[in-house]
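Q: Structure below; questions to follow.
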Amino acid sequence: MCGACPGGTTVSPTTAELNRTGRKRQALAELRRGLAPGCSLSLMGDGWALRRRTGRQDVFADVEGLLVALEAAGADWTGAETPRAVVGRLLTRPA
């Protein structure tokens, strides 16, 4: 549960861990490095906004939705690791 959200919105364990450790901005920077040219990623409050090369913009309330979208849209991701591996590596890095 996200304590800051009204009604106690449920978030994924990955999102909860990014928030708990204060690594959301680090995840943003790491994920941006793997985006294809013409794509952009930003934080919108607690959510994530992905602008694709086509101009389409998707907003995700949870990082899990973002990771799934990046893994499914191969042309928007050019990183050597999968987006999920990038975030996983960040979360296992010592503080």
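Q: Going by what's in this entry, would ALA72 be described as within 15 Å of LYS24 (Cα to Cα), aliphatic (A, V, I, L, M) and without any contact (Cβ under 8 Å) to a residue 60 or more places away in the chain?
A: On the way: within 15 Å of LYS24 (Cα to Cα): no; aliphatic (A, V, I, L, M): yes; without any contact (Cβ under 8 Å) to a residue 60 or more places away in the chain: yes.
The answer is no for ALA72.
Q: Would a scan of region 46-57 turn up a residue that is within 10 Å of the chain's Cα centre (by Cα) and modelled with pLDDT under 95? I'd like the intermediate steps shown before the answer.
A: Start the filter on region 46-57 by keeping residues that are within 10 Å of the chain's Cα centre (by Cα), which leaves 47-50.
Cutting the leftovers down to modelled with pLDDT under 95 gives us 47.
Yes, that holds for at least one residue.
The values are calculated or read from the model by the stated rules, or taken from the named source; none is laboratory data. Just so it is clear, the structure is predicted and the values come from calculations on it, not from any experiment. Ideal geometry is used to build each Cβ from the backbone, glycine not excepted, and the neighbour counts take in all protein chains shown.
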